[in-house]
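Peer 1: Pasting a structure below so you can have a look.
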Amino acid sequence: MLNYDLVVVGGGPAGMAAALKAKECGVESIIILERAETLGGILEQCIHTGFGLHYFGEELSGPEYAAKFIDQLENTDITVKTDTMVLDVDDNNLVTAVNKQDGLLKIQAKAIVLAMGCRERPRGALEIAGTRASGIMTAGTAQKYVNIDGYMPGKKVVILGSGDIGLIMARRMTLEGAEVKVVCELMPYSGGLTRNIVQCLDDFGIPLKLSTTVVETHGKNRLEGVTIAQVDEKLRPIESTKEYIECDTLMLSCGLIPENELTKNVGISIDRITNGAVVDEMRQTDHKGVFACGNVLHVHDLVDYVTLEAQLAGEGAAQYILSDCAKETEYVSPKTGNGVRYLVPQKVNIKNGNDVKLYFRVGQIYKNARVVLECDGEIISSKKKVKLAPGEMENVVIPAATLAKMNSDSTITVRVEE
Amino acid sequence: MCFDVAVIGAGVIGALTARELAKYKLNIALLEATNDVAMGASKANSGIVHAGFDAKPGTLKAKLNVKGCSMMPAVCADLSVPYKNNGSLVVAFSEEEMETVKNLYDRGIANGVPGMKILDKKALKELEPNLSDEVCGALDAPSAGIVCPYELTIAATENAVVNGVEFKRNCKVEAISFSDGVFSLKTTLGEIKAKYIVDAAGAYSDEIAKMIGDNSVELVMRRGEYFILDKAVGNMVSHTIFQCPSKMGKGILVSPTVDGNLLIGPTAEDIDEKDNTSTTANGLNTVKTFSVKSCPAVSTRNAITSFTGLRAHPVNDDFTLGASKVNAQFIHASGIESPGLTSAPAIAEYLADVITNAMGEVEKNDSFNPVREEVFRFRHASDEEREAAIAKNPAYGRIVCRCETITEGEIIDAIKAPAGARDVDGVKRRTRAGMGRCQGGFCGSKVVEILARELGCEVNEITKFGASSNILFDKTK
Ligand SMILES: Cc1cc2nc3c(=O)[nH]c(=O)nc-3n(C[C@H](O)[C@H](O)[C@H](O)COP(=O)(O)OP(=O)(O)OC[C@H]3O[C@@H](n4cnc5c(N)ncnc54)[C@H](O)[C@@H]3O)c2cc1C
Ligand SMILES: Cc1cc2nc3c(=O)[nH]c(=O)nc-3n(C[C@H](O)[C@H](O)[C@H](O)COP(=O)(O)OP(=O)(O)OC[C@H]3O[C@@H](n4cnc5c(N)ncnc54)[C@H](O)[C@@H]3O)c2cc1C
């Protein structure tokens with residue numbers, strides 16, 4: 001058995017930033033376990049630019065953004081094991097992993113950072129009727145075929161779901177010479193970033209059909225076409241709007257699901273809305289010494305926020321490992337008000353002493369609305385927003401001074417006012 | 001060269017029959033139209049080992065069902081196929097349905113089904129607390145079980161091949177002629193000669209029979225749609241839960257699978273095409289509505305996939321087994337709808353008897369080995385077994401499918417096995433790579449790579465399930 005102060009599960013941007021921050025805070029032995037052949041997580045296949053605008057102030061591609069952290073890691077004594085899959089984390093912080101070289105690895109950790117990212121919602125979960133032809137795949141899989149393997153997964157493409165990966169792939173496939181016929185989105189709004197709709201669809205003349213879904217797939221061997229239809233306000237397809245579209249590929253970009261199998265095995269509480277762990281402001285879960293950050297905690301649209309969040313987790317883990325006596329804690333759970341679907345963190349230690357940023361997403365599109373933070377009946381901030389959309393993560397800051405005045409009966413609410 | 005027997009169709013019937021015939025010194029060919037075994041009804045069914053109270057007493061169906069059910073545990077043990085004796089319950093929702101339950105009980109007794117009991121509501125709810133409060137009682141058949149139908153077919157084929165059967169894939173029989181006591185089969189792989197034919201072509205067995213001028217089998221295609229739910233809800237029930245049967249069959253069931261998922265379905269809808277395995281919005285809705293009646297907590301929010309199976313329903317309502325009236329060397333194995341999977345080991349024995357009796361003196365094959373070695377499954381292995389396996393072959397240390405924890409070593413084994421996998425779905429059925437909650441989202445491309453490497457071809461030649469189901473087109477610019 002091996003012993004490490006900190007074991008980081010997942011070597012994407014979240015895992016790397018958490019490990020680096022923990023090192024900076026003085027943690028001695030750290031190991032990152034990554035299932036893929038390389039570090040970088042999902043960034044490795046995102047060869048488009050649009051990463052790092054907030055964090056580095058420059059537009060980088062996914063691999064470039066990842067490389068900045070990989071370079072930093074090389075200058076530390078952090079151990080990295082790639083091609084290594086974590087199979088289990090038990091409730092005594094014993095991590096079991098496996099790879100070709102070492103076989104089974106048992107690692108006893110003082111603290112653990114979970115940074116496993118997320119996976120895409122597959123066809124089966126979408127209940128699309130029809131044949132089982134080849135050519136139906138998630139947009140992320142298609143992205144890997146094109147960008148990593150260098151093969152075209154299709155020539156005439158319909159994309160279901162306007163998540164960012166779908167939008168990015170619409171552009172990518174077009175640039176590679178494929179014909180992207182339409183992007184269908186079930187909801188009356190897109191789940192993707194506005195900038196991606198403009199740069200990936202509008203600029204290429206690819207139609208985006210809102211309140212539209214794919215109801216059936218056709219073709220016995222390779223996909224030959226799909227039937228699309230508009231949906232009513234209860235999201236039921238409207239028979240009279242059915243339309244056949246010839247295509248050989250259907251790409252699904254219908255949402256991401258945090259990879260929380262390991263988290264659930266430890267018995268950590270999961271938030272029903274985010275599908276990620278319930279955490280405090282340092283991203284510690286309700287299992288002491290286990291932290292979570294990045295897409296495994298809640299789906300982020302921008303990697304910059306992943307990095308910031310992971311640094312909190314790294315710092316939290318360092319505090320946990322290095323301080324003998326536990327810090328004073330008194331928790332308040334912020335409440336979601338009108339229009340706010342979830343808040344991360346779900347618990348705030350009011351003795352923390354620092355500003356605390358609450359991240360959230362809204363449930364529908366709002367124009368010229370206000371984001372209001374109310375603590376103990378007092379409006380702490382009320383910020384005007386030209387547009388709020390489910391596809392873009394928002395945040396509000398609770399100032400340290402406000403927290404200092406609170407007690408365990410205090411209330412914190414975030415809401416949208418129209 | 002002339003085979004003694006050509007078995008047409010590598011479904012569970014063809015595979016087990018070929019294996020049974022391999023117990024004799026015979027030259028046997030197993031001919032399959034598609035790229036893999038178990039591509040017909042044998043891959044898409046409920047996987048239930050029925051106890052045998054459904055069929056009319058005196059029919060082949062009744063006799064072979066009960067016999068097959070009792071043979072199944074040993075066959076599965078020999079072939080290292082997952083089987084579980086979980087028992088089944090036919091649940092009644094009214095006093096009227098309780099009458100049906102009693103009738104089924106009587107039928108079961110007539111058919112020789114062991115151990116049946118009629119349960120009242122209290123006993124039933126104690127056994128299965130997640131059943132609806134509307135239940136009145138049930139027929140409890142403890143001899144019923146569950147099995148993985150495609151794994152049984154795959155294992156039987158492997159074992160048949162190891163024992164000398166020649167397996168030919170992409171070998172579709174298109175015409176048959178007969179002269180000088182020998183059949184000549186025109187196939188997509190050229191001409192094949194055989195003295196005997198076993199027609200185990202499932203939905204197409206009527207068409208094969210017509211090739212020799214035998215029009216005695218009449219089949220109607222009946223579609224059945226299902227959902228597979230996530231393992232997280234796999235133990236909602238421990239028994240297989242049937243509703244009371246109707247004219248169209250055994251109704252919508254809720255059952256655990258041997259792999260720990262929950263299966264709900266099938267519908268029953270007569271259709272015209274023999275190969276229309278599409279799912280439909282209506283069918284899937286029916287599955288939802290009726291499964292909730294048995295278990296209110298069932299929700300397709302947990303669905304990981306849906307699929308369709310096609311029953312070859314015989315108009316005469318019984319299996320057709322044995323020599324054709326047109327040509328005694330042509331052996332029918334037709335009209336094998338449910339409980340065909342359950343009956344398969346008994347059908348195989350029955351057919352082998354028919355053939356060897358017709359042949360007269362046939363020497364036993366003394367070197368026949370009924371055992372298919374257990375396949376290494378990382379997910380089921382202990383830490384020590386994992387250590388040992390990785391030490392022997394490091395590929396067992398590389399996880400490819402993370403939802404189901406399948407290693408590269410297992411995928412390579414599946415490709416290299418006798419009658420091994422040639423496409424992505426074939427790997428999936430043999431290893432479960434891609435069968436988990438992400439449905440191949442992550443491992444799909446890796447499986448394509450491994451297949452191309454092991455088969456020595458380009459990745460864009462790899463298909464999902466043979467024919468033109470290619471996954472990739474040309475290289476990017
Ligand atoms: C297609 C796409 C386009 C995007 N576009 C942009 C953009 O333009 N701009 C932007 O800022 N952001 C973008 N993002 C968002 C950003 O890339 C993600 O938010 C970020 O990568 C999430 O980081 P992560 O570390 O949480 O997860 P990931 O990057 O997914 O990393 C998780 C890592 O954990 C590993 N792992 C999981 N389970 C295990 C285990 N059991 N054992 C070992 N390792 C494990 C995985 O292999 C993976 O490497 C995009 C995301 C995608 C998918
Ligand atoms: C929805 C459904 C649910 C069922 N549930 C159960 C159950 O729970 N329990 C149970 O006991 N039974 C069940 N059954 C029945 C069982 O699945 C079948 O009886 C059994 O699989 C039939 O096997 P088979 O080998 O006859 O046919 P198949 O599996 O269909 O095999 C026929 C094979 O022949 C091949 N073939 C066809 N034409 C040609 C040709 N010209 N040349 C060469 N090859 C050819 C096909 O490609 C195919 O591989 C169910 C069936 C269905 C459809």
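The values are calculated or read from the model by the stated rules, or taken from the named source; none is laboratory data. On a predicted model such as this, the values are computed, not experimentally measured, just so you know. A quick note on method: Cβ atoms are made from the backbone with ideal geometry, for glycine too, and the neighbour counts reach across all protein chains shown. Surface accessibility is based on the protein's heavy atoms, side chains included, excluding ligands, DNA and RNA. Shrake-Rupley method; radii C 1.70, N 1.55, O 1.52, S 1.80 Å.
Peer 1: Evaluated at 4 °C with a viscosity of 1.567 mPa s, what Stokes-Einstein diffusion coefficient in µm²/s does segment B:23-179 have when Rh comes from the Kirkwood expression over alpha-carbon pairs?
Peer 2: Numbers: Rh = 18.1 Å.
My calculation gives 71 µm²/s for D.
Peer 1: Averaged across B:384-390, how many Cβ atoms of other chains sit within 10 Å of each residue's Cβ atom?
Peer 2: Values: counts 1, 0, 5, 3, 1, 2, 7.
Per residue, the average neighbour count from other chains is 3.
Peer 1: At 15 Å minimum axial length over the Cα atoms and a Kyte-Doolittle cut of 0.0, report the qualifying DSSP H helices in chain A, or say none. If you can, show how the numbers build up before the last one.
Peer 2: Working: long enough: A:13-24 (16 Å, 0.12); A:62-74 (18 Å, -0.50); A:164-175 (17 Å, 0.72); A:303-322 (28 Å, 0.49).
Helices meeting the criterion: A:13-24, A:164-175, A:303-322.
Peer 1: Any lysines with Cα under 18 Å of the A:Lys347 Cα? List them, leaving off those in the same chain fewer than 8 positions away.
Peer 2: A:Lys288, A:Lys327, A:Lys335, A:Lys357, A:Lys405
Peer 1: Moving on to the next point. Using Cα pairs under 8 angstrom and six or more residues apart, how large is the relative contact order of chain A, in percent? Write out the running numbers ahead of the final one.
Peer 2: Values: 1030 pairs, mean separation 64.7, N = 418.
Rounded, it is 15 percent for chain A.
Peer 1: Nearest-5 percent of antiparallel DSSP beta bridges in chain B? Intermediate values should be presented prior to the final figure.
Peer 2: Values: 55 of 75 bridges.
Counting DSSP beta bridges with both partners in chain B, the antiparallel share is about 75 percent.
Peer 1: What share of Cα pairs, in percent, lie more than 26 angstrom apart in segment A:259-369? Before the final figure, lay out the partial values.
Peer 2: Numbers: 1076 of 6105 pairs.
Beyond 26 Å sits 18 percent of the P(r) for segment A:259-369.
Peer 1: At 222 nm, what helix-only mean residue ellipticity would chain A give, in deg cm²/dmol to the nearest 500, using -39500 (n - 2.57) for each DSSP H run of four or more?
Peer 2: Details: 7 runs with 74 residues, N = 418.
Rounded to the nearest 500, the figure is -5500 deg cm²/dmol.
Peer 1: Further, regarding this structure: Given the Cα-Cα distance of B:Lys364 and B:Ala297 and 0.36 nm per residue of separation, how much length would full extension add, in nm?
Peer 2: Numbers: separation 67, 0.36 × 67 = 24.12 nm, distance 5.37 nm.
Full extension from B:Lys364 to B:Ala297 adds 18.8 nm.
Peer 1: Largest first and in whole Å, what are the equivalent-ellipsoid semi-axes of segment A:126-177 based on the Cα gyration tensor, each being the root of 5 times an eigenvalue? Spell out each step's value before the answer.
Peer 2: Values: eigenvalues 69, 35, 20 Å².
They are 19, 13, 10 Å, listed from largest to smallest.
Peer 1: In nanometres, what is the gap between the two model label sites at A:Arg195 and A:Lys242, each 7 Å from Cα along Cα-to-Cβ?
Peer 2: 4.2
Peer 1: How much of the DSSP beta bridge set in the protein assembly as shown is antiparallel, as a percent to the nearest 5? Show your work: numbers first, answer last.
Peer 2: Values: 111 of 167 bridges.
Once the DSSP bridges in the protein assembly as shown are tallied, antiparallel ones form about 65 percent.
Peer 1: May I pose another question? Percent of Cα-Cα pairs per 5 Å bin, from 0 to the last occupied bin, for segment A:90-235, please list those.
Peer 2: Reading the bins upward from 0: 2, 8, 15, 17, 17, 11, 7, 7, 8, 6, 2, 0.
Peer 1: Next question. Among B:72-85, B:135-148, what's the highest-first ranking by average C-beta atoms within 10 angstrom per residue?
Peer 2: Values: B:72-85: 18.4, B:135-148: 23.3.
Highest-to-lowest ranking by the protection proxy: B:135-148, B:72-85.
Peer 1: For the residue pair B:Ala281 and B:Asn393, what label-to-label distance in nm results when each label sits 7 Å from Cα along the Cα-to-beta-carbon direction?
Peer 2: 4.7
Peer 1: Which loop-located trypsin sites (Lys or Arg not before Pro) does segment A:294-376 contain, where loop means any DSSP state but H, G, I, E or B and the Cβ has at most 10 other Cβ atoms within 10 Å?
Peer 2: Working: sites: A:Lys327, A:Lys335, A:Arg341, A:Lys347, A:Lys351, A:Lys357, A:Arg361, A:Lys367, A:Arg370; in loops: A:Lys327, A:Lys347, A:Lys351.
Sparse-neighbourhood loop trypsin sites (Lys or Arg not before Pro): none present.
Peer 1: Same structure, new question: Taking each residue of B:18-25 in turn, how many C-beta atoms of other protein chains fall within 10 Å of its C-beta, and what is the average?
Peer 2: Working: counts 0, 0, 0, 0, 0, 0, 0, 0.
For this peptide, the per-residue mean of nearby foreign Cβ atoms is 0.
Peer 1: Hey, how much of the P(r) for segment B:386-451 falls beyond 18 Å, as a percent of Cα pairs?
Peer 2: 29
Peer 1: Could you tell me the accessible area of A:Met152 in Å² (1.4 Å probe, neighbours in place), rounded to the nearest ten?
Peer 2: Result for A:Met152: roughly 20 Å² accessible.
Peer 1: Can you list, bin by bin at 5 Å, the percent of alpha carbon pairs in segment B:1-112, starting at 0?
Peer 2: 2, 10, 14, 17, 18, 15, 10, 6, 4, 2, 1, 0, 0
Peer 1: By the scheme Lys and Arg +1, Asp and Glu -1, what is the net charge of all other residues having a beta-carbon under 9 Å from that of B:Ala417? Can you show the working numbers first?
Peer 2: Values: positive: B:Lys416, B:Arg430; negative: B:Glu158, B:Asp413.
Net local charge, B:Ala417 excluded: 0.
Peer 1: How large is the charge dipole for the protein assembly as shown, taken about the Cα centre, if only the Cβ atoms of Lys, Arg (+1) and Asp, Glu (-1) carry charge, to the nearest 20 debye? Working shown, then result.
Peer 2: Working: 97 positive and 117 negative charges, 150 e Å.
Using only the charged Cβ atoms, the result is roughly 720 debye.
Peer 1: Another question, then. For segment B:89-204, report the % of Cα-Cα distances exceeding 21 Å. Before the final figure, lay out the partial values.
Peer 2: On the way: 4146 of 6670 pairs.
In whole percent, the share of Cα-Cα pairs in segment B:89-204 beyond 21 Å is 62.
Peer 1: Chain A: Rg/Rh from Cα coordinates, Kirkwood Rh?
Peer 2: Details: Rg = 22.3 Å, Rh = 22.6 Å.
Dividing the radius of gyration by the Kirkwood radius yields 0.99.
Peer 1: Holding the Cα-Cα limit at 29 Å, pick out from B:Lys195/B:Lys364; B:Lys25/B:Lys464; A:Lys181/B:Lys231 the pairs that are longer than that. The partial results should precede the final answer.
Peer 2: Working: B:Lys195/B:Lys364 18 Å; B:Lys25/B:Lys464 36 Å; A:Lys181/B:Lys231 36 Å.
In this structure, B:Lys25/B:Lys464; A:Lys181/B:Lys231 lie more than 29 Å apart at Cα.
Peer 1: Just want to confirm a number: the relative contact order over chain B, from Cα pairs under 8 angstrom separated by 6+ residues, in percent.
Peer 2: On the way: 1081 pairs, mean separation 92.5, N = 477.
RCO, chain B: 19 percent.
Peer 1: Given DSSP loops and a limit of at most 15 other Cβ atoms within 10 Å, what is the longest stretch of chain A that contains no such chymotrypsin sites (Phe, Trp or Tyr not before Pro)? Spell out each step's value before the answer.
Peer 2: Details: sites that count: A:Phe56, A:Tyr189.
Within chain A, the longest run free of exposed chymotrypsin sites (Phe, Trp or Tyr not before Pro) spans A:190-418.
Peer 1: Determine, from the Cβ-Cβ distance of A:Glu37 and B:Asp133 and an R0 of 30 Å, the FRET efficiency 1/(1 + (r/R0)^6), rounded to the nearest 0.05. Could the numbers behind the result be given before it?
Peer 2: Values: r = 53 Å, r/R0 = 1.77.
That pair, A:Glu37 with B:Asp133, gives E of 0.05.
Peer 1: What figure, in Å² to the nearest 10, do you get for the accessible area of B:Glu337 with a 1.4 Å probe and non-protein molecules left out?
Peer 2: About 20 Å², ignoring ligands and nucleic acids.
Peer 1: Here is a further query. Please provide three numbers in whole Å: the alpha-carbon extents of segment A:328-418 along the principal axes, with the largest listed first.
Peer 2: Reported extents, whole Å, longest axis first: 40, 21, 19.
Peer 1: Checking the table B:Lys84/B:Lys125; A:Lys23/B:Lys446; B:Lys274/B:Lys475; A:Lys110/A:Lys351; B:Lys23/B:Lys428; A:Lys367/B:Lys477 against a 32 Å threshold on Cα-Cα, which pairs fail?
Peer 2: Numbers: B:Lys84/B:Lys125 22 Å; A:Lys23/B:Lys446 34 Å; B:Lys274/B:Lys475 36 Å; A:Lys110/A:Lys351 23 Å; B:Lys23/B:Lys428 30 Å; A:Lys367/B:Lys477 42 Å.
The answer is A:Lys23/B:Lys446; B:Lys274/B:Lys475; A:Lys367/B:Lys477.
Peer 1: Rounded to the nearest 500 deg cm²/dmol, what is the calculated helix-only ellipticity per residue at 222 nm for chain B, with -39500 (n - 2.57) per DSSP H run of length n ≥ 4?
Peer 2: That comes out to -9500 deg cm²/dmol.
Peer 1: OK, next. Would you mind estimating how fast segment B:240-393 diffuses translationally, via Stokes-Einstein at 10 °C and 1.306 mPa s with the Kirkwood radius over Cα pairs, in µm²/s? Provide the component values of the computation, followed by the final result.
Peer 2: Working: Rh = 20.0 Å.
D = 79 µm²/s.
Peer 1: Next question, about the same structure. List the lysines whose Cα lies under 18 Å from the Cα of B:Lys56, skipping any in the same chain that are fewer than 8 positions away.
Peer 2: Cα-Cα hits under 18 Å: B:Lys67, B:Lys102, B:Lys247, B:Lys250.
Peer 1: Compute the convex hull volume of the Cα atoms of segment A:207-328, divide it by the residue count, and report the result per residue in Å³ as a whole number. Present the calculation step by step, with values, prior to reporting the outcome.
Peer 2: Details: hull volume 20.9 nm³, N = 122.
Dividing the Cα hull volume of segment A:207-328 by its residue count gives 171 Å³.
Peer 1: Still on this model: On average, how many beta carbons from a partner chain sit within 10 Å of the beta carbon of a residue in A:259-270? Working shown, then result.
Peer 2: Values: counts 5, 0, 6, 0, 0, 1, 0, 0, 0, 0, 0, 0.
Mean partner-chain Cβ count within 10 Å for A:259-270: 1.
Peer 1: Kirkwood Rh, the protein assembly as shown, all Cα pairs: how many Å? Please list the in-between numbers first.
Peer 2: Numbers: mean 1/r = 0.0338 Å⁻¹.
Its Kirkwood hydrodynamic radius stands at 29.6 Å.
Peer 1: In chain B, which cysteines lack any other cysteine Cβ under 4.7 Å from their own?
Peer 2: Those would be B:Cys2, B:Cys69, B:Cys76, B:Cys136, B:Cys148, B:Cys171, B:Cys244, B:Cys295, B:Cys403, B:Cys438, B:Cys457, since no other cysteine Cβ in chain B comes under 4.7 Å of theirs.
Peer 1: Which three semi-axes in whole Å describe the equivalent ellipsoid of segment B:333-400, each the square root of 5 times a Cα gyration tensor eigenvalue, listed largest first? Don't skip to the answer; put the middle values down first.
Peer 2: Working: eigenvalues 332, 70, 15 Å².
Working through the eigenvalues yields semi-axes of 41, 19, 9 Å.
Peer 1: Based on the alpha-carbon gyration tensor of chain B and its eigenvalue square roots a ≥ b ≥ c, which shape applies: rounded if a/c is under 1.5, prolate if not and a/b is larger than b/c, or oblate?
Peer 2: On the way: a/c = 1.60, a/b = 1.11, b/c = 1.44.
Oblate, since a/c reaches 1.5 and b/c is not below a/b.
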